[in-house]
Amino acid sequence: MNRFTYLLVLLLMTAFSFQAMASQKGNAPKYKVLVLAERGDQHEGFTAAALSWLKDFAASHQFEVTELTSTEKIDEEFLSHYKVFIQLNFPPYRWSDKSKAAFVKYIEEGRGGWVGFHHATLLGDFDGYPMWQWFSTFMGGIKFKDYIAAKATATVRVEDAAHPVMKNVPASFSIPNDEWYTFDKNPRPNVHVLANVDESTYKPDSDIKMGDHPAIWTNEKMKARNVYFLMGHDATLLQTAEFKTMFGNAILWAAGK
């Protein structure tokens, strides 16, 4: 090999090395997202579909997902590694005192963002656990009252189209086959409502109604970016373009994007 060929090979090898390093750097996760998921019950279909969608969304937006099915590992040090906490139908009970304290700091001090779904507002005395009063306040001072057991398709109406969670979402859209919760009082006075559900559009119709019925909201009194979605009962949600858009928007916004 002459000197010219040697230098050419060396140059090509160096260029390839830098390209590989850049590629590896580009594929490295930008941040971590924790998912506290409820598995194996009537919500399993939604949870499994959401996790499958989340895997693809995480890959395309370069973040890493960790799934937990209990709060056992959660403490301040553990949460410090995560930029977003997704409460994927996990209820506000069956939490250890240590995990509760860590989560309160995470939200009140803005240590990360939070996205919650459906079962996160199952607030009250359930399965021998007393209501977590702090979480009730976080959700607008509410307590679970009732739900549409047969599930219903309904129209959701956007109230704050300028909010990042509602980016590229139409003014109204249909949500299929959901279990719409009602509460002992309206959270609206204590939270910022992003969208409501039009109870007159329930199919099939139901006598279980709230009147003014917030469906998506954020508690702006907390330092952490946070958003709660009332829906989250059926796997068909993940076939709904508007829901997937909001889910993705919520994660990116909660991460500070």
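The values are calculated or read from the model by the stated rules, or taken from the named source; none is laboratory data. Note that the coordinates shown come from a computational prediction; the quantities given were computed from them, not determined experimentally. For neighbour counting, all protein chains shown are included, and Cβ atoms are generated from backbone atoms with ideal geometry for every residue, glycine included.
Worth a mention:
- Residues that are more than 27 Å from Ala224 (Cα to Cα), surrounded by fewer than 16 Cβ atoms within 10 Å (Cβ to Cβ) and among the aliphatic types (A, V, I, L, M) within the range 141-164 comprise Ala149, Ala150, listed in sequence order.
- Meets criteria (within 14 Å of Met246 (Cα to Cα), at pLDDT 95 or above and aromatic (Phe, Trp, Tyr)) for Phe117: yes
- Candidate set from the range 98-140 (those that are in contact with a Leu (Cβ under 6 Å, 6 or more places away or on another chain) and in a helix (DSSP H, G or I)); member that is surrounded by the most Cβ atoms within 10 Å (Cβ to Cβ): Tyr106
- Subset of the range 53-64 (residues that are surrounded by 13 or more Cβ atoms within 10 Å (Cβ to Cβ) and either touching a Leu at 6+ places or on another chain (Cβ under 6 Å) or among the polar types (S, T, N, Q) (or both)): Trp53
- So His81, is it loosely packed, with under 15 Cβ neighbours inside 10 Å and either hydrophobic (A, V, I, L, M, F, W, C) or in contact (Cβ under 8 Å) with a residue 24 or more places away in the chain (or both): yes
- Of all residues in the range 7-50, those satisfying the criterion of being in a helix (DSSP H, G or I), hydrophobic (A, V, I, L, M, F, W, C) and at pLDDT 90 or above are Phe46, Ala48, Ala49, Ala50.
- Being among the polar types (S, T, N, Q), surrounded by fewer than 18 Cβ atoms within 10 Å (Cβ to Cβ), touching a residue at least 40 places away in the same chain (Cβ under 8 Å) and under 15 Å from His118 (Cα atoms) holds for only one residue in Thr201, Thr218, Thr236, and it is Thr236.
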